[in-house]
């Protein structure tokens, strides 16, 4: 999953700049801005806290990794009533501080944003000056980018 979105567009991956190329890139920019707005130090953001999370269905029941698999009917938007994509929840640990919860919340919002969008077949490329190095094939930013349903 990380490889799908890392170095996608202008905002996905380390750093970010330039014009947003599509909805996925918009999710990434919002995530970057959320992290920037946290009370965490730079070191805490990039080398610091780890946290636990769990995914629940609409009824509040925990979902297994198998149920979260894209091949599962419970993962599809058109799955049976009551079955849905997992909704991520940050799990509060005794030693968590406000920074950890802020970063987990940013990541939760990011996951929810990406979950609303189709997984791309190819990476969109940034037209801006700065672009992280990446050896993954990209597709130049255009209105003809293809996405998988």
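The values are calculated or read from the model by the stated rules, or taken from the named source; none is laboratory data. All figures in this text were calculated on a predicted structure; none of them were measured in a lab. In this analysis, Cβ positions are derived from the backbone assuming ideal geometry, glycine residues included, and neighbour counts consider all displayed protein chains.
Tell me, please, whether a residue that is surrounded by 14 or more Cβ atoms within 10 Å (Cβ to Cβ) and either at pLDDT 70 or above or under 22 Å from residue 126 (Cβ atoms) (or both) can be found in the range 67-77. Checked against the condition, which is being surrounded by 14 or more Cβ atoms within 10 Å (Cβ to Cβ) and either at pLDDT 70 or above or under 22 Å from residue 126 (Cβ atoms) (or both), the range 67-77 yields no hits at all. Filtered by the rule that a residue be more than 9 Å from the chain's Cα centre (by Cα) and more than 22 Å from residue 43 (Cβ to Cβ), the range 99-125 gives 116, 117, 118, 119, 120, 121, 122, 123, 124, 125. Inspection of the range 11-26 finds no residue satisfying the criterion of being surrounded by 11 or more Cβ atoms within 10 Å (Cβ to Cβ), touching a strand residue (DSSP E or B) at 6+ places or on another chain (Cβ under 8 Å) and at pLDDT below 85. Taking the range 104-140 as the range and being under 16 Å from residue 17 (Cβ atoms) and at pLDDT 85 or above as the test, the residues that pass are 124, 125, 126.
Residue 43 satisfies every condition listed in (1) buried (at least 17 other Cβ atoms within 10 Å of the Cβ); (2) free of Cβ contacts under 8 Å to residues at least 40 places away in the same chain; (3) farther than 14 Å from residue 110 by Cβ except (1).
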